[in-house]
Amino acid sequence: MKILGYSCLSSCGLGHEVFWKSLFEGKVNLAPDRVFRIEDSGFQSSKERMTSQLIQVFSHIRQQAPIESQGLGIILSSTKGCTEDFVSSGAKNESDSIYPILESFLESTQLSPSKLACVSNACASSHGAFFLAELWLRTSQVKKVLVLAIDEVGPFILKGFQSLGALSKTSARPFAKNRDGLSLGEAAGGILLSLEGSSDFEIESVCIETEGFSITRPSNDGRSLGSIVDKVVGNNEMSAIIAHGTATPFNDRTEDKVFSSRFPNVPITAAKWCVGHTLGASGLMDTIAALGVLKFQRIFAMARTEEIDPDFKAFYIRGGSLAMEVDRVLVTSLGFGGMQAALVIGRAK
Amino acid sequence: MKLHLYQFNYSFPFQSDPEWSSKVDRWYQLDAEAYGLTELVWRIEEKPDLIFLASQEASNSSDRLFIESEMTSAVKFAHTLPNVRCSPFLQAKQWTMPVLCTQFGPKTFSSAVENAFGFLGSPYRRILILNVCRSLPSNESGTSRYSAYALQIDDASQGGGEEISIADLGHNVFNGSDQKFIENVSKVLCKKEAFTLIEAPSL
């Protein structure tokens, strides 16, 4: 799938360029409550706020490529949508909390696409949306797909992760010896995809799988993640890997098992130290991070990771960024419910 | 194309250990929706190639339980993602496969079915679309009644049974709400002996 346009909004600001700048310069913008927040205010509701964020992203993408309703599909991926609205109002919601944001987005943009969907595959939602986009395109149901992703961090999400004991006391340090959990982040992002058109980069393959192992963690040996990584990689050589890298003990260990056995010399990094774990948007943010790696032919480091866990055997990048020839980047994602996902992004042929 | 609709009506909380309890991690912590889907999928023999998990109310009831715990219960929070309901039935069946948890307001289930129709063929020969909803609110003993649905779609080369076209399901079948869609489809499939109703006893 050719990538025709993309953008994001995060704690780094609006646009992929400011996100890339933060990644390569090792900058973090953590709020006092240790959440990577999008700085905006004055909204009546989460739905209104999230719609506004998606429109900013959409406007940025439309400057890069035309987006018209005919032959267009839109997929919105999110874990919890505007659930916080129901928490704060106490209202009983009769329907899901993601579709109202999509409806509001369509009303604001006056778009009337041929196909619409919302995907909620936990923290692997963006990969799930890419997977669905590819099915729509390959079965000729649409000509272009705009994949949007969004999540916010309100009391529901924050207290939920606190209850799990999954949050870092400082900020996330993926694959570090002293990692102590994840940092949450807010983000909105979008990528416009098509099988046709002119583009520098493309998603070569995407795969999702759900394993019946545990609700909250991947299988210890990483067999399912390994299986889909093998499927998306095929016989190709990977130049770099952007790991899910939540900085939680289980996830990082599983990823290390999978990567060290398959790619012992491929440089690995992660982006969640920079923008936090942006939940349903994290796969899309990592894909935009991979576009930066391809564009600059340089892999960014995990700036907050000082010492790699001595039990880990794969090749992790910390300290400073590394110039290298980059043809293909593997981007992995994991989510509650046994979700495993991977995609390969490379130069368009 | 061949279709078969399974409907499982049940009460929750459940009163006895399920048959699959030894296969599912912390089965006793499952919410009503996860329990019902696991009971239903446990009874389906054929492994699909792709699953859509598509319930209009998503994880709303589990969200409310977490809020009622003053947002302190890790166990309840773990069930507030609508996709996690696939984990218990995949554990019970020991399946690993692509699952898409989709939402589309009042047309969540019918929209997933429409998508599945479009993807049938190579490489997906058999697709399962799942839905679960509360059919009756709590009674005096705190028990609610639920219905879980599984629509199995096979391409023509799979198994026995009569071939069915989208036209057989009626004009504008995808235009109404999920409730209307399920009513229409169950009527058509009942006539074609492609509907299985499983009633767990009311408590």
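Rule-based calculations on the coordinates, nothing more; no lab input. Everything numeric here is computed off the predicted structure, so don't read it as measured data. Quick reminder, even Gly has a Cβ in these numbers, built from the backbone with ideal geometry, and neighbours come from all protein chains shown.
Overview of values
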| read-out | value |
| --- | --- |
| Test for B:Ala54: is it hydrophobic (A, V, I, L, M, F, W, C), at negative phi and within 7 Å of another protein chain (Cβ to nearest Cβ) | no |
| Top-ranked residue in segment B:69-99 [being facing another protein chain (nearest Cβ under 7 Å) and of a type in the set (Phe, Trp, Tyr); ranked as surrounded by the most Cβ atoms within 10 Å (Cβ to Cβ)] | B:Phe77 |
| Number of the exception - B:Arg145 against (1) under 16 Å from B:Val113 (Cβ atoms); (2) basic (Lys, Arg); (3) touching a residue at least 24 places away in the same chain (Cβ under 8 Å) | (1) |
| Number of positions in segment B:72-95 that are hydroxyl-bearing (Ser, Thr, Tyr) and within 16 Å of the chain's Cα centre (by Cα) | 1 |
| Yes/no for A:Lys272 being on the phi < 0 side of the Ramachandran plot and surrounded by fewer than 24 Cβ atoms within 10 Å (Cβ to Cβ) | no |
| Test: residue in segment A:303-326 that is within 21 Å of A:Gly189 (Cβ to Cβ) and either of a type in the set (Asp, Glu) or buried (at least 24 other Cβ atoms within 10 Å of the Cβ) (or both) | no |
| Tally, over segment A:204-218, of residues that are buried (at least 24 other Cβ atoms within 10 Å of the Cβ) and over 24 Å from A:Ser163 (Cα atoms) | 4 |
| Extreme residue, farthest from A:Tyr99 (Cα to Cα), among residues of segment A:146-171 that are within 13 Å of chain B (Cβ to nearest Cβ) and in a strand (DSSP E or B) | A:Leu167 |
| Flag for B:Thr102 being among the hydroxyl-bearing types (Ser, Thr, Tyr) and more than 7 Å from every other protein chain (Cβ to nearest Cβ) | no |
| Considering residues of segment B:1-20 that are exposed (fewer than 14 other Cβ atoms within 10 Å of the Cβ) and either more than 19 Å from the chain's Cα centre (by Cα) or aromatic (Phe, Trp, Tyr) (or both) only, the residue nearest to B:Glu140 (Cα to Cα) | B:Gln15 |
| Residue count, segment B:27-51 (criterion: within 11 Å of chain A (Cβ to nearest Cβ), in contact with a Leu (Cβ under 6 Å, 6 or more places away or on another chain) and in a loop (DSSP other than H, G, I, E, B)) | 0 |
| Segment A:104-125: number of residues that are within 9 Å of chain B (Cβ to nearest Cβ) and either of a type in the set (A, V, I, L, M) or touching a Lys or Arg at 6+ places or on another chain (Cβ under 9 Å) (or both) | 6 |
| Only one of B:Gly121, B:Gly142 that is more than 10 Å from chain A (Cβ to nearest Cβ) and over 25 Å from B:Cys190 (Cβ atoms) | B:Gly142 |
| Positions within segment A:72-92 being assigned to a loop (DSSP other than H, G, I, E, B), in contact with a Lys or Arg (Cβ under 9 Å, 6 or more places away or on another chain) and at the interface with chain B (Cβ under 9 Å from one of its Cβ atoms), in sequence order | A:Gly81, A:Lys92 |
